């Protein structure tokens, strides 16, 4: 550990002094992300809203992004921290591609990398204020996992962040099954997003829905209530 | 002056690097071969005296990678510590095994550094790296010069030319060989380097890695069983009055 860091930390314990700053609260935030595994791959949905406190300020924020050849990431929480994470992942994928050797980072590897990053930041009391959903398909194997801002991570058949945990997961627990077709998967996601639109005050009525099967496709899905 | 530091000679050569490659040739033989799904490493055990135990030449680096060394064992140990460290760091970050092709490049880059600093000397050890990645089993050879090559089969160390001759004859079949056939071929190649000495399980070590099979050194009993089966097939060939193969006589360098 740097001795310089230690002296600054001693001065004001946790306060921000020159050079040592930490995230205290998020400013522009995204709300829930929902992901499910379906028969052929992964489906993820998130709305396109960026709230500035209680104001629904930005309405075209893309919170789902493809990573490399095999993965999709969705984030809720601080949008600027999500953009920072995208920069890290961009560099990671770039170096992976530069090897040009037939090996590539799959969703499991990206998920674990993100877990290490998030946990590391949490240990420095400077978290990336996000809950991430990481899904992907590699060699026919589907993968869906989540990482929180404190580094808690796990995999499951259906994942939700933020309000989605309280409103969408009960629906998913009841109605998800192993062999969901693409159409049924989208309908299920739409049902969850509708409930969120009714009950989550930071939800907006414009969605992004991504599907990942061997290749990635996207749809912008205006939802009218 | 030029010969004692890793600097250029007037003829455009790096003597220290070449001398390091000579050190590899002094070590006892190590052999590697691979098929699509398995890779086998075998080495000849050399002991300093009858009283001592033999040098360890095969090291497990990770569940999916192992190496066999020839040359300065101490350098080999240091490098295997580096390789293990790289593998475990990758596993920690990505929960996934480090592809052997990438490990080999990192090792080669490390070796290259020693060829470009006048206060360092090159590592005096050649490594046969056998491991798995997404496309199956691979075998690489890392030189002290910082070069690395991928091989279907290779032999390094003293009297390795005899083994190479045998492997050159048979390598085309290796890709589709079964695990057992690969091990037999490895032991046969070891036999070639022994130049008449009897092949027993105390004189050689064999290790295997494959898809679904973690890297491990085979226990001596199993090795002896394979050796015995080799001899049975050999006797049959002799009795069948097949042509005796010419074993190329080799002027062996001083075996230290």
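Here is the figure for segment A:51-69: residues that are in contact with a helix residue (DSSP H, G or I) (Cβ under 9 Å, 6 or more places away or on another chain) and assigned to a strand (DSSP E or B) total 3.
In this structure, does residue A:138 turn out to be away from chain B (no Cβ under 14 Å), farther than 22 Å from residue A:162 by Cβ and surrounded by fewer than 23 Cβ atoms within 10 Å (Cβ to Cβ)? In short, no. Looking only at segment B:101-136, count how many residues are within 14 Å of another protein chain (Cβ to nearest Cβ) and outside any loop (DSSP other than H, G, I, E, B). Number satisfying all stated conditions: 12.
In the set (1) touching a residue at least 12 places away in the same chain (Cβ under 8 Å); (2) at negative phi, the condition left unmet by residue A:103 is number (1). If you go through segment B:191-216 and keep only what is assigned to a helix (DSSP H, G or I) and out of contact with any helix residue (DSSP H, G or I) (no Cβ under 7 Å at 6 or more places or on another chain), you end up with B:191, B:194. What do you reckon, is residue B:251 at pLDDT below 90, over 17 Å from residue B:38 (Cβ atoms) and in contact with a helix residue (DSSP H, G or I) (Cβ under 9 Å, 6 or more places away or on another chain)? Against the criterion (at pLDDT below 90, over 17 Å from residue B:38 (Cβ atoms) and in contact with a helix residue (DSSP H, G or I) (Cβ under 9 Å, 6 or more places away or on another chain)), residue B:251 does not qualify. Within segment A:1-50, restricting attention to residues that are assigned to a strand (DSSP E or B) and over 22 Å from the mean Cα position of the chain (by Cα), the residue that is modelled with the lowest pLDDT is A:17. For segment B:76-100, filtered to residues that are within 13 Å of chain A (Cβ to nearest Cβ) and not in a loop (DSSP other than H, G, I, E, B), the residue that is nearest to residue B:60 (Cα to Cα) is B:100.
Yes or no: residue B:53 closer than 23 Å to residue B:206 by Cβ, more than 14 Å from chain A (Cβ to nearest Cβ) and surrounded by fewer than 15 Cβ atoms within 10 Å (Cβ to Cβ)?
Yes; evaluated as a whole, the condition is true for this residue.
Has segment A:171-180 got at least one residue that is at pLDDT 95 or above, within 14 Å of chain B (Cβ to nearest Cβ) and either crowded, with 18+ Cβ neighbours inside 10 Å or farther than 19 Å from residue A:196 by Cα (or both)? No, every residue in segment A:171-180 fails to be at pLDDT 95 or above, within 14 Å of chain B (Cβ to nearest Cβ) and either crowded, with 18+ Cβ neighbours inside 10 Å or farther than 19 Å from residue A:196 by Cα (or both). Scanning segment A:92-124 for residues that are under 18 Å from the mean Cα position of the chain (by Cα), more than 12 Å from chain B (Cβ to nearest Cβ) and within 17 Å of residue A:70 (Cβ to Cβ) yields a total of 1.
Only a single criterion out of (1) under 21 Å from residue A:70 (Cβ atoms); (2) surrounded by fewer than 22 Cβ atoms within 10 Å (Cβ to Cβ); (3) away from chain B (no Cβ under 14 Å) is not satisfied by residue A:133, namely (2). When you look at residue A:72, is it away from chain B (no Cβ under 14 Å), under 11 Å from the mean Cα position of the chain (by Cα) and not in a helix (DSSP H, G or I), yes or no? The answer is yes for residue A:72. So is residue B:61 in contact (Cβ under 8 Å) with a residue 12 or more places away in the chain and either surrounded by fewer than 16 Cβ atoms within 10 Å (Cβ to Cβ) or within 14 Å of chain A (Cβ to nearest Cβ) (or both) or not? Against the criterion (in contact (Cβ under 8 Å) with a residue 12 or more places away in the chain and either surrounded by fewer than 16 Cβ atoms within 10 Å (Cβ to Cβ) or within 14 Å of chain A (Cβ to nearest Cβ) (or both)), residue B:61 does not qualify. Once segment B:137-177 is narrowed to residues that are within 14 Å of another protein chain (Cβ to nearest Cβ) and touching a residue at least 60 places away in the same chain (Cβ under 8 Å), the residue that is nearest to residue B:16 (Cα to Cα) is B:138.
The values are calculated or read from the model by the stated rules, or taken from the named source; none is laboratory data. Because the structure is a prediction, the values reported are computed rather than measured. Positions of Cβ are backbone-derived with ideal geometry, glycine not excepted, and every protein chain shown enters the neighbour counts.
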